[in-house]
């Protein structure tokens, strides 16, 4: 069964949850947490995304990310893959570090941005491991009122135009007793998914250009097109390459000869895959 397509549009806000494989501790110490945060910062910045909040626990993390033109899947793929490589090398191990795919929930920024920031910052409190001043949380950045990893200066004016009053109001807002959002309610913070899917599908499918097909395909399968280029593919990558060829040609995004150049294969291979579908 194919994975459900992740919704993408410029400006989309996602609450991302990534857990250790089998709920294992994958952020065991400060070195691990610093390394993961470094990769989060690097790739969100590289693709012009915005990070509004984060918390890194021992076996999972929460990120609140707004994307630009690059889909969340590409950003998270790079974060997870590069951390996995670093982690396995550092601990002299191999295999999966994270639990399958990360979980991402698309959220209504206007209605729920502040509630989600509070939910993320209160995670260590609810877990009983720290008060709100947990070290590996973006809460400390909001208390300082200055952008560092997160864009706190875009959020604090929502409390007050006066910076000192904004920070005071933010700290009061973070009180666990004021929280209305519980873990079981997080899934309800999304706008109508059906409505968004209709809008996004219309935006994508009304004009089937190659770039749009590539982005949708990468988002759907969590794989980069770079990974399915070339002649010598086997197994799942071969199947996905052939599916990609058929999808591109189905919508007449490019000619077969041009697609062969994109994938680094012969025109005859493209023609054979299309004719054998």
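The values are calculated or read from the model by the stated rules, or taken from the named source; none is laboratory data. It should be emphasised that the depicted structure is a prediction, and the values quoted were computed from it without experimental measurement. When we count neighbours, we look across all protein chains shown, and the Cβ atoms used for this are built from the backbone with ideal geometry, even at glycine.
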Q. Out of all the residues in region 213-263, which are touching a residue at least 40 places away in the same chain (Cβ under 8 Å), within 28 Å of residue 100 (Cβ to Cβ) and in a helix (DSSP H, G or I)?
A. 213, 215, 216, 218, 219, 220, 221
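I'd like the full set of residues that are in contact with a helix residue (DSSP H, G or I) (Cβ under 8 Å, 6 or more places away or on another chain), over 22 Å from residue 12 (Cβ atoms) and surrounded by 20 or more Cβ atoms within 10 Å (Cβ to Cβ), limited to region 114-133.
First, the residues of region 114-133 that are in contact with a helix residue (DSSP H, G or I) (Cβ under 8 Å, 6 or more places away or on another chain): 114-119, 121-122, 125-126, 130-133.
If we keep only those that are over 22 Å from residue 12 (Cβ atoms) too, we end up with 122, 125-126, 130-133.
Scanning region 114-133 gives a single hit, 122.
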Q: Take region 82-113 and flag every residue that is surrounded by fewer than 14 Cβ atoms within 10 Å (Cβ to Cβ) and assigned to a helix (DSSP H, G or I).
A: 85, 89, 90, 110, 111
(Q) Which residue is nearest to residue 55 (Cα to Cα), if the candidates are limited to region 127-146 and must be part of a helix (DSSP H, G or I) and within 24 Å of the chain's Cα centre (by Cα)? (A) 139
Q. Within the group 212, 164, which residue is modelled with pLDDT of 90 or more and either surrounded by 16 or more Cβ atoms within 10 Å (Cβ to Cβ) or in the same structural domain as residue 67 (by TED's automatic domain parsing) (or both)?
A. 164
(Q) Return the pair list, or none, for Cβ contacts closer than 7 Å from residues in region 113-142 that are closer than 11 Å to residue 57 by Cβ to residues that are at pLDDT 90 or above and assigned to a helix (DSSP H, G or I), at least 6 apart or on different chains. (A) 130/124; 134/124; 136/33; 137/121; 137/124
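Condition check: under 21 Å from residue 139 (Cα atoms) and touching a residue at least 60 places away in the same chain (Cβ under 8 Å). Does residue 28 satisfy that?
Details: under 21 Å from residue 139 (Cα atoms): yes; touching a residue at least 60 places away in the same chain (Cβ under 8 Å): no.
No: the conditions fail for residue 28.
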Q: Give the residues of region 22-62 that are closer than 17 Å to residue 127 by Cβ and in a strand (DSSP E or B), sorted by residue number.
A: 53, 54, 55, 56, 60, 61, 62
